[in-house]
Amino acid sequence: AFPTKHSCFLFLIFPVLEIEARTFGLISITSVHIFTVKQVSSVVELNVGGQVFTTTTDTLRKVPGSRLAEMFSSSASACKDAEGRFFIDRPGTFFHPILDYLRSGQVPIQHIPEVYREAQFYAIQPLVKLLEDMPQIFGEQVSRKQFLLQVPSYSENLELLLRLSRAEAVGRRTSEVVVCVVSSEEQAARCAELIYYLESQKMSVVKFGPCKLGYYNNDLLRCLEIDIKAQGYQVSYQEYHFDKAIKAKLENCFYTFTFTWW
């Protein structure tokens with residue numbers, strides 16, 4: 001309960017009474033209890049990416065250390081829209097499950113990657129950890145990323161693959177880039193001559209490896225397809241067989257990635 005008018009008065013004069021009492025030996029006081037005032041919860045309206053939400057400050061401060069908790073602390077200054085609502089420049093669609101979690105602890109079951117991204121932005125760590133245990137996030141953040149760590153310069157080669165596909169697309173409905181996957185230095189040396197041959201035939205080639213993928217070449221190709229499509233490209237791939245590769249018994253190292261532009 002909040003201090004009344006009289007209790008506030010007693011609180012102010014208590015130190016004086018204590019000194020007087022100690023002076024005359026009337027009482028022995030070993031500790032003083034201080035009144036603390038809890039922050040009052042209030043109803044607030046939020047404009048999140050154009051969508052309006054109504055909730056309480058207690059709900060928004062549910063997770064200490066989160067961006068929302070900091071935003072609605074007494075010392076924070078927040079951006080407001082023309083109607084005086086607190087404005088957050090994030091997707092409103094995925095704020096619904098964030099708010100549901102803060103209200104009731106309900107873990108979302110739809111749009112998991114998008115909600116995970118928003119939970120990271122708002123620094124709601126308990127929700128982030130819960131989502132990381134879900135198959136959609138575990139597969140991407142743990143399993144696939146750990147797999148790709150075995151592939152040297154994966155990101156750089158992916159970007160090169162995309163640049164070459166665009167360069168090959170001028171005046172064409174589709175473009176093709178050859179991907180060579182090698183698992184050892186010895187295999188890389190054997191493929192070098194074949195790569196040189198393909199480039200002499202005006203074909204674009206990107207080499208991945210050497211990397212110890214063993215029989216997981218298809219997993220690497222699938223990762224490339226996922227990451228390319230995630231950037232908005234239409235792409236498919238298949239094995240690329242040509243005589244020189246077959247004779248060298250390296251036909252399983254070469255694949256064509258076909259990009260469709262229109």
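The values are calculated or read from the model by the stated rules, or taken from the named source; none is laboratory data. Owing to the predicted nature of the structure, the values given are computational and were not obtained by experimental measurement. Neighbour counts are summed over all protein chains in view; Cβ atoms, including those assigned to glycine, are modelled from backbone coordinates with ideal geometry. With ligands, DNA and RNA removed, areas are computed over all heavy atoms of the protein, side chains included. Shrake-Rupley method; radii C 1.70, N 1.55, O 1.52, S 1.80 Å.
Accessible area per residue of the range 171-262 at 1.4 Å probe, in Å²? Let's see the in-between values first.
On the way: 5370 Å² over 92 residues.
Each residue of the range 171-262 exposes 58 Å² on average to a 1.4 Å probe.
Could you look at the range 71-193 and say what percent of its accessible area is carbon and sulfur, using a 1.4 Å probe and all protein chains? Before the final figure, lay out the partial values.
Working: 3540 of 7040 Å².
Of the solvent-accessible surface of the range 71-193, carbon and sulfur hold 50 percent.
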Next item on the list: Would you compute, for the Cα atoms of the range 105-242, the largest minus smallest coordinate along each principal axis and list the three values in descending order, in whole Å?
Entry: 61, 39, 21
Note to self: Report the Cα centroid-to-centroid distance between the range 92-130 and the range 219-235 in angstrom, as an integer.
What the structure shows: 27
Next item on the list: For the range 129-209, count all C-alpha to C-alpha pairs, find those more than 15 Å apart, and express that count as a whole percent of the total.
Entry: 68
Checklist line | J(HN,Hα) series, the range 193-209, from Karplus relation 6.51 cos²θ - 1.76 cosθ + 1.60, nearest Hz, glycine and proline x | finding: 5, 5, 5, 4, 4, 4, 5, 5, 8, 6, 9, 8, 10, 10, 9, 10, x
Check: Could you give P(r) for the range 80-133, binned at 10 Å from zero, as whole percent values over all Cα-Cα pairs?
Finding: 24, 53, 18, 5, 0
Notebook entry, point to check: Where Lys and Arg each count +1 and Asp and Glu each count -1, what net charge lies around F86 among other residues with Cβ under 10 Å from its Cβ?
Noted result: 0
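Taking the Cα centre of the range 113-262 as origin and charging only Cβ (+1 Lys, Arg; -1 Asp, Glu), how large is the dipole, in debye to the nearest 20?
Here the size comes out at about 280 debye.
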Next item on the list: Might you report the magnitude of the Cβ-based charge dipole of the range 185-236 about its Cα centre, with Lys and Arg at +1 and Asp and Glu at -1, to the nearest 20 debye?
Entry: 120
Checklist line | Taking all pairs of distinct alpha-carbon atoms in the range 186-258, Kirkwood radius in angstrom | finding: 13.3
Check: How much of D58 can a 1.4 Å solvent probe reach, expressed as accessible area in Å² and rounded to 10?
Finding: 70
